[in-house]
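Accompanying notes for the structure given below.
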Amino acid sequence: CYTTKIWSRYLSLYQLGYGSDRGIGYRDSSQDTMGVMAQIPEEARELMEKLLSVQSRDGSAYHQFNPLTMIAGRGDSLEYEDRPHYYSDDQLWIVLAVSSYLKETGNYDFLNQEIPFYEKDKDEKPIEKGTVLEHLKRAVTFTHGNVGAHGLPLLGFADWNDTVNLPTGAESLFTANLYGWALRELSELAAYMGDEQQKKTWDDWYDTMKHTVLNTAWDGQWFVRYFDDKGNPVGSAKNEFGKLWLNGQSWALLSGFAKDSDKGRTCMDSVKKHLATDKGIKLSWPGYNGYDHNKGGVTTYPPGAKENGGIFLHPNPWAII
């Protein structure tokens, strides 16, 4: 975990490390800090400060940045002119990371530290600064204000699964659930700080998204993973490929949305039935078989490889949790 925190995905066998085209990922490194929080919380905090400084003023985040130059970029989203140029989940991970730091250290003064947002003026000076708490508020407010036809967060270019790049207007169940987890953390923080009005706002946002997820995304035996730009489900028994997605099920429970519902057990039973193997749990099933521009990068891999139904290390612990 320490090595991963140091290098992130900065150097790898298939990603170029130099320049803003790759660098350190916002989502990746936010997660990496949580992996070492119990051992080196102050080093984790230093990395979180860099991450917060590449957050946009609107609350979204740049997808990656070069830690040597602190130049940030929008990642692969720039390769598609007809897709959004932000990732819907990036900015929400830092909420979980900061919350983890506060719980581990009790250093609530960190919330008052001022950190610039990424946008610069003509002299390359930050246009605006905000406290760490203000950064966290803007992160969830961005998601709250960017929802689609079903009331679910817009996908942007992608969410955790970078390879599913649906046309503009698609909605992400993963981001909905991550947003729910982030709101739970912030609600607990507001309660600790005695800010009942702020707690009520975040609780109301949570309850609204919970109702939306449970009432629009249930497919009968599991939750769908996305809605495309036309409102059609992706991750449904109605689909020929990609009927069932692991993260659509585990995260409905990690968010707490399906915790008190029989839908939670039913969807995880479906995971066991259709995705579990003796090598681990597959990311999705069945794999796409042929390129589809409307689905994006996931269909460039053969069935069972990488994000197209492969067995990923990352989502397996989420299923265990």
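The values are calculated or read from the model by the stated rules, or taken from the named source; none is laboratory data. Quick caveat, the model's predicted, so the values are computed rather than measured. Positions of Cβ are backbone-derived with ideal geometry, glycine not excepted, and every protein chain shown enters the neighbour counts. These accessible areas exclude ligands, DNA and RNA; they are computed on the full protein's heavy atoms, side chains included. Shrake-Rupley method; radii C 1.70, N 1.55, O 1.52, S 1.80 Å.
Extension gain, Ile321 to Asp203: 0.36 nm times the residue separation minus the Cα-Cα distance gives 40.2 nm.
Put a plus charge on the Cβ of each Lys and Arg, a minus charge on the Cβ of each Asp and Glu, and nothing anywhere else: the dipole of the chain about its Cα centre is then about 840 debye.
Extension gain, Ala38-Asn232: 0.36 nm per intervening residue step, less the Cα-Cα distance, totals 65.6 nm.
For the residues Leu183, Leu111, Leu166, a GNM of the chain with alpha-carbon springs under 10 Å puts the largest fluctuation on Leu111. Projecting the Cα atoms of Leu154, His144, Phe227 onto the charge dipole of segment 91-230, computed from C-beta unit charges around the Cα centre, puts Phe227 farthest toward the positive end.
On a full-extension model of 0.36 nm per residue, what is the gain between His85 and Asp278, subtracting their alpha-carbon distance, rounded to one decimal in nm?
Details: separation 193, 0.36 × 193 = 69.48 nm, distance 3.81 nm.
Stretched out fully, the His85 to Asp278 stretch lengthens by 65.7 nm.
Taking 16 Å as the straight-line reach from the Cα of Lys120, the aspartates and glutamates in range (excluding those fewer than 8 positions away in the same chain) are Asp58, Glu128.
Hey, got the dipole for segment 53-171? About the Cα centre, +1 on K and R Cβ, -1 on D and E Cβ, debye to the nearest 20? It would help to have the intermediate numbers written out before the result.
Working: 10 positive and 19 negative charges, 60 e Å.
The calculation lands at about 280 debye.
Between Ile71 and Thr4, the C-beta separation translates, for a Förster distance of 30 Å, into a calculated FRET efficiency of about 0.85. Of the Cα atoms belonging to the chain, the radius of gyration and Dmax stand at 19.0, 58 Å.
Of Lys103/Lys259; Lys210/Lys272; Lys199/Lys238; Lys50/Lys199, which ones are farther than 31 Å apart at the Cα? Mind dumping the intermediate values first?
Working: Lys103/Lys259 23 Å; Lys210/Lys272 24 Å; Lys199/Lys238 39 Å; Lys50/Lys199 27 Å.
Flagged as over cut-off: Lys199/Lys238.
Placing Asp76, Asp262 in order of accessible area, with the largest value first and a 1.4 Å probe, yields Asp262, Asp76. Note on the chain: helix-only mean residue ellipticity at 222 nm, from DSSP H runs of 4+ residues weighted -39500 (n - 2.57) and normalised by residue number, equals -12500 deg cm²/dmol. Computed from the C-beta positions of Tyr108 and Glu46, the FRET efficiency with R₀ = 22 Å rounds to 0.80. Ordering Ser88, Met48, Gly106 by the projection of their Cα atoms onto the charge dipole of segment 1-157, which places +1 on the Cβ of Lys and Arg and -1 on the Cβ of Asp and Glu, puts Gly106 at the extreme positive end. Here segment 21-93 and segment 221-300 have alpha carbon centers that stand 26 Å from each other.
For the chain, list the DSSP H helices whose alpha carbon atoms reach 15 Å or more along the long axis and whose average Kyte-Doolittle value is 0.0 or above? Each step should come with its number before you reach the end.
Numbers: long enough: 41-52 (16 Å, -0.74); 90-105 (24 Å, 0.45); 132-145 (20 Å, 0.04); 173-193 (30 Å, 0.50); 196-216 (29 Å, -1.69); 262-274 (18 Å, -1.52).
Span-like helices, by this rule, are 90-105, 132-145, 173-193.
Across Ile24, Ile40, Ile94, mean-square fluctuation computed from a Gaussian network of the chain (C-alpha pairs under 10 Å connected) peaks at Ile40. Computed with a 1.4 Å probe over protein heavy atoms only, the accessible area of Tyr2 comes to about 110 Å². For segment 84-151, a/c is not less than 1.5, where a ≥ b ≥ c are the root eigenvalues of the C-alpha gyration tensor, and a/b does not top b/c. That puts it in the oblate class.
Which is the longest run of the chain containing none of the GluC sites (Glu not before Pro) found in DSSP loop states (not H, G, I, E, B) with at most 14 other C-beta atoms within 10 Å? Each step should come with its number before you reach the end.
Working: sites that count: Glu81, Glu119, Glu124, Glu128, Glu240.
By the stated rule (loop sites, at most 14 other Cβ atoms within 10 Å), 129-239.
Accessible surface calculations at 1.4 Å, restricted to protein heavy atoms, place segment 79-173 at 39 Å² per residue.
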